[in-house]
1. Which of the following residues is under 21 Å from residue 1 (Cβ atoms) and open to solvent by 20 Å² or more (accessible area, probe 1.4 Å): 18, 57, 48?
2. Return yes when residue 44 is modelled with pLDDT of 95 or more, in contact with a helix residue (DSSP H, G or I) (Cβ under 7 Å, 6 or more places away or on another chain) and within 30 Å of residue 124 (Cβ to Cβ) and no when it is not.
3. Filter segment 1-20 for residues that are at pLDDT 95 or above and among the hydrophobic types (A, V, I, L, M, F, W, C); which is nearest to residue 120 (Cα to Cα)?
4. Which of the residues that make up segment 67-124 are over 15 Å from residue 45 (Cα atoms), without any contact (Cβ under 8 Å) to a residue 40 or more places away in the chain and among the aromatic types (Phe, Trp, Tyr)?
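The values are calculated or read from the model by the stated rules, or taken from the named source; none is laboratory data. These numbers come from a predicted model, not from an experiment. Cβ coordinates were reconstructed from backbone atoms using ideal geometry, including for glycine residues, and neighbour counts include every protein chain displayed. For accessibility, only protein heavy atoms count, side chains too; no ligands or nucleic acids. Shrake-Rupley method; radii C 1.70, N 1.55, O 1.52, S 1.80 Å.
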Amino acid sequence: VQLQASGGGLVQAGGSLTLSCASSARTFNNYAMAWFRQAPGKEREFVTARRWTGGSTRDADSVKGRFTISRDNAKSTVYLQMNRLKPEDTAVYYCAARYGWSVRYYDTSTWDYWGQGTQVTVSS
């Protein structure tokens, strides 16, 4: 499975940005999808994850109420809508996929496939 992330860029604090992640998976709706991020000098951290069609989502406390993960199974694409961005959201954002769900969705080792990352920079 190949993942291609896009949509990053420079935005002012309080602004919005939408990331996309296109998947090559043939049965995309059987895959759980997630977004992680990695700031300079820090470990990669969990942002949000979503199960397959109609499935529930899980969000990191730091993004609850601001970020929304969604998916379009017909396009094999997952999105990350980011609102009310803060300078501390600055990071490289990675999409990830795995077949089926895991209760350890927050753990990077749980995810089998990764996109190349897209840079998000939020200026103050």
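1. So the residue among 18, 57, 48 that is under 21 Å from residue 1 (Cβ atoms) and open to solvent by 20 Å² or more (accessible area, probe 1.4 Å) is 57.
2. So residue 44 fits the description; yes.
3. In this case the residue turns out to be 10.
4. none
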